[in-house]
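Enquirer: Below is the structure I would like to discuss, written out as structure tokens.
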Amino acid sequence: MGLAAALLLPGAARAEGERPQGERPRIVATTGMVADLVRAVAGDRAEVEALMGEGVDPHLFKPTRSDTVKLLRADAVFISGLHLEGKMTTAFDRLRESGKPVVALGDAVPKERLLSPPEFEGAHDPHIWMDVGIWAGTLPAIRDGLARLDPAGTETYARNADAYGAELARLDTYARRILSSIPDAARVLVTAHDAFNYLGRAYGIEVRGIQGISTESEAGLRIIEELAALLADRGVPAVFPETSVSDRNVRALVEGAGARGHRVTLGGALFSDAMGAPGSYQGTYIGMIDHNVTTIARALGGEAPADGFQGKLALAQR
């Protein structure tokens with residue numbers, strides 16, 4: 001039985017007021033990026049679990065039976081939104097109808113800051129975490145969502161949100177500084193799919209994806225040929241695979257540029273729709289972004305330390 005069907009059963013979703021007194025709120029987040037942000041605000045006052053782990057593509061994710069149980073038992077669900085978790089949209093609607101709080105971080109972003117690609121026909125690019133400033137701007141929605149669930153923790157949630165927001169501001173400054181060091185001619189970020197447009201806008205880099213914004217789109221030979229010509233004409237030194245998307249098209253692009261007499265290297269796999277391994281530095285939002293911006297800057301000829309923003313990376317020395 002799927003989640004949407006399960007929610008049609010009487011009493012399927014635990015009501016907000018049914019949590020035993022003294023028990024910490026049980027929070028389920030969809031992606032690792034959302035879960036990490038919620039944990040930073042919740043501290044030890046709530047249990048936070050992510051549905052999607054390392055290397056999982058949220059565009060294609062379908063909840064299993066055990067995932068359904070987690071969602072039904074949760075006191076609240078935090079999602080990225082903007083149709084990132086496209087195959088779960090109906091399930092989220094059912095959860096809301098059952099009375100369960102579902103907080104979509106994308107709803108907290110001012111419309112004028114959202115990207116609206118023409119191919120999405122009125123929808124928005126959901127990859128908002130790639131702009132650290134936008135992602136930090138969702139902290140109040142998390143703070144307020146947790147406070148409604150657990151009023152006794154209101155001051156703690158506010159204090160944690162402010163502290164983490166300050167840390168993200170420092171990360172944003174670091175990203176801006178090292179990405180600005182990339183030479184003008186090489187300021188082109190070519191990746192497996194269009195997950196980095198917010199990063200490009202925030203930090204002044206042209207972004208081109210082989211696939212579209214959703215990994216359900218297919219890359220055609222014409223697109224690969226066009227990008228190979230761009231790489232050769234601009235002398236761009238590297239392209240980037242992603243950890244949650246097949247690298248087949250990226251490797252075809254490298255071969256296409258080579259056929260034009262231009263050598264392109266794989267600049268290092270970037271984290272796009274999922275973070276790194278749980279327990280690792282790249283398995284945190286800060287570590288994910290630090291890895292991405294440091295890897296991009298170094299591969300495209302910029303100046304960035306191999307150990308990154310907090311001295312926790314272990315990138316290969318040049």
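The rows are residues; the columns are (1) among the acidic types (Asp, Glu); (2) open to solvent by 40 Å² or more (accessible area, probe 1.4 Å); (3) free of Cβ contacts under 8 Å to residues at least 12 places away in the same chain; (4) on the phi < 0 side of the Ramachandran plot.
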| residue | (1), (2), (3), (4) |
| --- | --- |
| 255 | yes, yes, yes, yes |
| 261 | no, yes, no, no |
| 266 | no, yes, no, yes |
| 274 | no, no, no, yes |
| 283 | no, no, no, yes |
| 290 | yes, no, no, yes |
| 311 | no, yes, yes, no |
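Enquirer: I would also like to ask the following. So which residues in region 134-162 are surrounded by fewer than 16 Cβ atoms within 10 Å (Cβ to Cβ) and either among the basic types (Lys, Arg) or in contact (Cβ under 8 Å) with a residue 60 or more places away in the chain (or both), if there are any at all?
Expert: 148, 159
Enquirer: Just to be sure before I move on: is residue 44 in a loop (DSSP other than H, G, I, E, B), more than 15 Å from residue 129 (Cβ to Cβ), modelled with pLDDT of 90 or more and not hydroxyl-bearing (Ser, Thr, Tyr) in the structure I sent?
Expert: Answer is yes for this residue.
Enquirer: Then there's this: For region 97-120, name all the residues that are over 20 Å from residue 140 (Cβ atoms) and open to solvent by 30 Å² or more (accessible area, probe 1.4 Å).
Expert: 97, 98, 99, 115, 116, 118, 119, 120, listed by residue number.
Enquirer: For region 203-229, name all the residues that are at pLDDT 85 or above, open to solvent by 30 Å² or more (accessible area, probe 1.4 Å) and at negative phi.
Expert: Residues satisfying the conditions are 206, 208, 225, 226.
Enquirer: Would you confirm, using the coordinates I've provided, whether residue 176 is in contact (Cβ under 8 Å) with a residue 60 or more places away in the chain, open to solvent by 50 Å² or more (accessible area, probe 1.4 Å) and not small (Gly, Ala, Ser)?
Expert: Judged against the criteria, residue 176 is not a match.
Enquirer: State whether the residues of region 63-82 include one that is open to solvent by 60 Å² or more (accessible area, probe 1.4 Å) and within 18 Å of residue 126 (Cα to Cα).
Expert: no
Enquirer: Name the single residue, out of those in region 276-312 being at pLDDT 95 or above, of a type in the set (A, V, I, L, M) and part of a loop (DSSP other than H, G, I, E, B), that is nearest to residue 164 (Cα to Cα).
Expert: Taking the candidates together, the pick is 304.
The values are calculated or read from the model by the stated rules, or taken from the named source; none is laboratory data. This one's a predicted model, so the numbers in the text were calculated from it and none came from an experiment. Heads up, the Cβs are rebuilt from the backbone with ideal geometry, glycines too, and the neighbour counts pull from every protein chain shown. Keep in mind that these areas ignore ligands, DNA and RNA; they rest on the heavy atoms of the full protein, side chains included. Shrake-Rupley method; radii C 1.70, N 1.55, O 1.52, S 1.80 Å.
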